[in-house]
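Just so it is clear, none of the values below were taken in a lab; they were calculated from the coordinates. Note that the coordinates shown come from a computational prediction; the quantities given were computed from them, not determined experimentally. Neighbour counts run over all protein chains shown; Cβ positions are idealised from the backbone, glycine included.
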Amino acid sequence: MKSSRKKIALLLLLAWLAFQGYAWAEDARLTNIIVTNTRDDLLLYMQVKGAFRESMITAVQSGVPTTFSFYIELYRVRGFWFDEEIASLKYTHTIKYNSLKKEYLVYRSWEGKKPHVVKSFDEARKLMTDLDSLKIVSLSKLEKGLQYQIRAKAELSRLTLPFYLHYVLFFVSLWDFETDWYTIDFIY
């Protein structure tokens with residue numbers, strides 16, 4: 001009886017040690033969210049923190065393309081009635097590493113088809129996790145004095161690997177992430 005308790009305790013300890021790094025890993029979250037406007041457009045700035053874990057960095061540097069998706073929704077708040085959707089947007093950032101040239105290609109869907117080419121991973125990480133002056137909607141679609149709400153979230157797009165690689169690359173699911181929805185209320 002005592003020997004089985006020791007075995008169970010040892011197994012629990014080993015399981016705890018094995019998953020401790022994963023359990024205490026920083027969760028991905030949106031930060032520095034700013035809603036502002038130009039003369040003509042409503043703009044959004046934000047960053048994703050905690051998106052790149054060690055296993056993801058290793059996979060990217062091994063040549064696995066990685067895509068972040070950003071979801072942004074704009075609603076007009078209408079008290080006792082359903083809120084009216086003004087805009088629903090999805091943007092993607094994709095990173096690919098070219099090991100021959102030792103450079104990172106970062107594609108940002110809202111900037112066109114031409115990639116940013118950078119040599120350092122830190123620069124590529126910043127391009128992947130930052131949204132700067134993203135146009136949400138033209139101000140002509142908003143009415144002055146009314147309340148609006150922007151909802152935003154980010155997620156790592158699921159990899160679609162050939163069937164046989166799912167057995168070899170089982171660790172890929174360990175670096176999936178999805179942030180919570182973040183809400184910003186404002187009056188235009």
ask   = How many angstrom lie between the C-alpha centres of segment 102-132 and segment 82-101?
value = 12 Å
message = Exceeding 18 Å between C-alpha atoms, which entries from my cross-link table qualify? They are LYS96/LYS126; LYS101/LYS126; LYS49/LYS113; LYS90/LYS113; LYS49/LYS135.
response = LYS101/LYS126; LYS49/LYS113; LYS49/LYS135
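What is the extension gain from ASP40 to SER55, computed as 0.36 nm multiplied by their sequence separation minus the C-alpha to C-alpha distance, in nm to one decimal? Don't skip to the answer; put the middle values down first.
Values: separation 15, 0.36 × 15 = 5.40 nm, distance 4.23 nm.
That pair, ASP40 and SER55, stretches by 1.2 nm at full extension.
Fully extended, how many nm does the chain gain between LYS126 and LYS114 (0.36 nm per residue separation, minus their Cα-Cα distance)? Intermediate results must be reported in sequence, preceding the final value.
Working: separation 12, 0.36 × 12 = 4.32 nm, distance 1.71 nm.
Extra length available between LYS126 and LYS114 comes to 2.6 nm.
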note = Within segment 32-123, DSSP-loop trypsin sites (Lys or Arg not before Pro) with at most 13 other C-beta atoms within 10 Å are ARG39, ARG78, LYS101, LYS102, LYS113, LYS119
key: Label-to-label distance, nm, for residues given as TYR91 and TYR71 (7 Å Cα→Cβ offset)   = 1.7 nm
remark   = For segment 27-187, averaging the sequence separation of alpha carbon pairs under 8 Å that lie six or more residues apart and dividing by its residue count, the contact order in percent is 28 percent
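Please state, as a whole number in µm²/s, the translational diffusion coefficient that the Stokes-Einstein equation yields for segment 27-187 at 37 °C and 0.692 mPa s, with Rh defined as the Kirkwood radius across alpha carbon pairs.
Values: Rh = 17.2 Å.
Diffusion coefficient, whole number: 190 µm²/s.
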